[in-house]
Amino acid sequence: MNLDYIFKRLWNEYSKTNPSAEKIYNLFGAEGEDVVNDHIAFRTVDHPLVNIEVLSRQFTRNGYVAAGEYHFESKHLYAKHFELPGAENSPRVFISQLKTDELSHFTRNLFTELVNRTPQCRFQSDDLIFSGSIFAPLSYEIYKRLLEESEYAAWFYVFGFRANHFTVSVNGLKKYNDIYKVNELLKKNGHILNSSGGEVKGTKEELLQQSSTLADIVKVNFEEGVFEIPSCYYEFAQRFPDSDGKLYSGFIAKSADKIFESTNYYKKEK
């Protein structure tokens, strides 16, 4: 699979799960903006059949290389980001994984059992990153129990292998080439921002500022019935040049830590 196909297919699946993303994309288009994708992100667990190395293979086969690693101690996560050398406009790929050995016996055993009972051919398939949840049937009781310990774990249990978020490059915009202008446009058009740690995460001095919407609330079929839970979100990133004049290309762990909370549950207004 070539990269154009991969990113288009990921966007199509992602925007179905997060209808607000399509609305925001079209909003920028109506404002005369061409949207450039800064990065795309995935979630997984540290099981060797589905870890970062497995999820990244579609990208590394197409020339992507590891360019940074990150630790999120309070959320029990490890992450790496990948870049395509010599292709500045190609989106970064950010993949995080849950460190299950730091979690409860229940959560650790659950994911081990879920992965082990799934035919291994699913994990060897080139379609893995488009697969969504492969742990059916889903239990709402299990989802709630995971949620008590790790929102990340609960999200992955339900939504699985798909893009958790795409990211608009604020640097690629013309009229809205400032993250505060982007945020005002979004709020003016009824989109709810993640305010954990402030609506804007990071500073110019740190060379990266980020914001994000809260995840869309969607209906999911569980064994116990249909329930509404948070799905995916849309992120926005503005990068600044370092002392050498080169645009910063990495991520700030303490900012990303708050961005993860974009999938936290919130009560949707009627």
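Observations, loosely collected:
- TRP11 - accessible surface, heavy atoms, 1.4 Å probe, Å² rounded to 10: 40 Å²
- Theoretical gain in end-to-end length, ARG122 to GLU31 [0.36 nm per residue, Cα-Cα removed]: 28.6 nm
- The chain - charge dipole about Cα centre, Lys and Arg +1 at Cβ, Asp and Glu -1, debye rounded to 20: 400 debye
- For the pair segment 210-270 and segment 68-134, the centres of their Cα atoms are 16 angstrom apart.
- Efficiency of FRET from Cβ geometry, ASN177 and GLU205, R₀ 22 Å, rounded to 0.05: 0.70
- In segment 49-93, the trypsin sites (Lys or Arg not before Pro) that fall in loop regions by DSSP, at most 15 other Cβ within 10 Å: ARG61
- Cα-based equivalent ellipsoid, segment 1-149: semi-axes from gyration tensor eigenvalues, Å: 28, 19, 16
- Under 5 Å, built H, 5+ apart or other chain: amide partners of LEU214: ILE192, LEU193, ASN194
- Normalised size of the chain, defined as Cα radius of gyration per 2.2 N^0.38 Å with N residues, equals 0.97.
- Qualifying aspartates and glutamates (Cα of each under 15 Å from Cα of LYS258; at least 8 residues distant if same chain): GLU73, GLU151, GLU199, GLU235
- For segment 179-270, the relative contact order is 29 percent, taking Cα pairs closer than 8 Å that sit 6 or more residues apart in sequence and dividing their mean separation by the residue count.
- Expressed to the nearest 5 percent, the antiparallel share of DSSP beta bridges inside the chain is 70 percent.
- Seen through its C-alpha gyration tensor, with square-root eigenvalues sorted a ≥ b ≥ c, segment 155-270 comes out prolate because a/c lies at 1.5 or above while a/b is bigger than b/c.
- Count, lysine Cα pairs under 24 Å in segment 70-226, 8 or more residues apart or across chains: 22
- Cross-link reach list, aspartates and glutamates versus LYS16, counting only Cα pairs under 12 Å and skipping chain neighbours closer than eight places: ASP216
The values are calculated or read from the model by the stated rules, or taken from the named source; none is laboratory data. Model, not experiment: these values are computed from the prediction. Every residue, glycine among them, receives a Cβ derived from its backbone with ideal geometry; neighbour counts consider all protein chains shown. The protein model used for the area step is the full one, side chains on, heavy atoms only, and it has no ligands, DNA or RNA in it. Shrake-Rupley method; radii C 1.70, N 1.55, O 1.52, S 1.80 Å.
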